[in-house]
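Just below is one structure, and these are the notes that go with it.
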Amino acid sequence: MAKRHIISLAGDLASGKGTISKILMEKLNYGVYRNGEYFRKLAKEHNMSITEFNLYVEKHPEIDQDVEQSCAIYAKDHDNFIIDARLRMVCCSRII
């Protein structure tokens, strides 16, 4: 299996992940995967605001796992990208 070139940035909301990912994207010519976009999509599918969905996910950890798994699925077919996420663990290291 070929080595993947993936950078994972994890941190709390408003901790600077987006800013750092933009800098890295420009310097390295990398793409970016933001699992927050997937999270917002799930919130919309559940007809909830982000705030409501955050509270809901606290009681439904399987959704958090699904969000994390989304980056691993993305990583299977992509290279040279940055994961911009609030991850509990670095999901892609288990897959790649």
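The values are calculated or read from the model by the stated rules, or taken from the named source; none is laboratory data. As the structure is a prediction and not an experimental result, all values here were calculated from the model. Note that each Cβ is placed from the backbone with ideal geometry, even for glycine, and that neighbours are counted across all protein chains shown.
Computed quantities for the displayed model
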{"quantity": "Complete set of residues in the range 18-33 that are outside any helix (DSSP H, G or I) and more than 23 Å from Gln69 (Cβ to Cβ)", "calculated": "Asn29"}
{"quantity": "Criterion: among the β-branched types (Val, Ile, Thr), at negative phi and surrounded by 14 or more Cβ atoms within 10 Å (Cβ to Cβ) - qualifying residue of Ile7, Ile50", "calculated": "Ile7"}
{"quantity": "Meets criteria (in contact with a helix residue (DSSP H, G or I) (Cβ under 7 Å, 6 or more places away or on another chain) and surrounded by fewer than 13 Cβ atoms within 10 Å (Cβ to Cβ)) for Lys44", "calculated": "no"}
{"quantity": "Residue selected from the range 41-91 under the condition part of a helix (DSSP H, G or I) and hydroxyl-bearing (Ser, Thr, Tyr), by the criterion nearest to Leu24 (Cα to Cα)", "calculated": "Tyr74"}
{"quantity": "Qualifying positions in the range 18-69 - under 11 Å from Asp84 (Cβ atoms) and modelled with pLDDT under 90", "calculated": "Gly18, Arg34, Asn35, Gly36, Glu37"}
